[in-house]
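Each remark here refers to the structure printed beneath this line.
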Amino acid sequence: MEYRCVKCGFRIKTLFVQYSPGNIRLMKCENCRAVADEYIECEIMILLIDLILHKPQAYRHLLYNVLNSETVNLKGILWKSTVGFLLLDAYRSLLLSRSNEGQSSSMSFSLLAWIFQKMLKDVVLGNVMFLGVFLHASRILLNTSAGASSFKDFLLAVLISSYFKIFLVAMMVWNFPSSVIYIIDLFVLSSNTVALKGKLLVLLYFNE
């Protein structure tokens, strides 16, 4: 099993050595000479704060050292994350449609069918185009063909870094203006950029 240094992305075989329960020594990276992953000793709340602050080290810890194919069921995580992502995206499209059409309590069948069709188009086509652009860009940057494993890696990075979409659930309880949706979109896009940029840099420089 191989991990990555959260500072530079260099491969490392082990992140810590455990001498006894609760007594561990964190390993240092051979490339940058810094502690490979200090998040091992941190509380989950510190990791969440660093993710919100868009720190690349937090994303490397999560994507390389926590969500490892040998320690967790990545296929199950991908399926669950994809379903949750699409449901939140569908709810976002519904909120925008309701905002554009007004808060009318009585809607005709044709209007409901139009809203459903628009939701399907926005969710499916929008995300296919979004992922296609990122995958195509990664193939150009890495100068290689993106296989199934590369696709899963990038898809997982996008899904995990889109956690800001969970704030759309708050709009089920509180009546926020539609502008909040676009603010959440900006946070999601910036988070996606940080996660994918960190992953691409690791693959570019330390893909041996």
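The values are calculated or read from the model by the stated rules, or taken from the named source; none is laboratory data. None of these values were measured; they are calculated from a predicted model. Counting neighbours? That spans all protein chains shown, and the Cβs are built from the backbone with ideal geometry, glycine included. Accessible surface areas use protein heavy atoms only, side chains included; no ligands, DNA or RNA. Shrake-Rupley method; radii C 1.70, N 1.55, O 1.52, S 1.80 Å.
Any idea which of (1) open to solvent by 30 Å² or more (accessible area, probe 1.4 Å); (2) at pLDDT 80 or above is the one Leu159 doesn't satisfy?
Exception for Leu159: condition (1).
Take Met119 and tell me if it is of a type outside the set (Ser, Thr, Tyr) and at pLDDT 70 or above.
Yes; evaluated as a whole, the condition is true for this residue.
Just give me the residues in the stretch 81-106 being open to solvent by less than 40 Å² (accessible area, probe 1.4 Å), at pLDDT 70 or above and either farther than 30 Å from Leu63 by Cα or out of contact with any helix residue (DSSP H, G or I) (no Cβ under 9 Å at 6 or more places or on another chain) (or both), in sequence order.
If the condition is that a residue be open to solvent by less than 40 Å² (accessible area, probe 1.4 Å), at pLDDT 70 or above and either farther than 30 Å from Leu63 by Cα or out of contact with any helix residue (DSSP H, G or I) (no Cβ under 9 Å at 6 or more places or on another chain) (or both), then Leu95, Leu96, Ser97 are the ones that fit.
In the stretch 1-26, what residues are assigned to a loop (DSSP other than H, G, I, E, B), without any contact (Cβ under 8 Å) to a residue 60 or more places away in the chain and within 19 Å of Leu63 (Cα to Cα)?
Glu2, Cys5, Val6, Lys7, Lys13, Thr14, Leu15
Among the residues of the stretch 35-80, write down those that are open to solvent by less than 80 Å² (accessible area, probe 1.4 Å), within 27 Å of Ile181 (Cβ to Cβ) and of a type in the set (Phe, Trp, Tyr).
The one that is open to solvent by less than 80 Å² (accessible area, probe 1.4 Å), within 27 Å of Ile181 (Cβ to Cβ) and of a type in the set (Phe, Trp, Tyr): Tyr59.
Check Gly9 against each of (1) touching a Gly at 6+ places or on another chain (Cβ under 8 Å); (2) at pLDDT 90 or above and name the one condition it does not meet.
(2)
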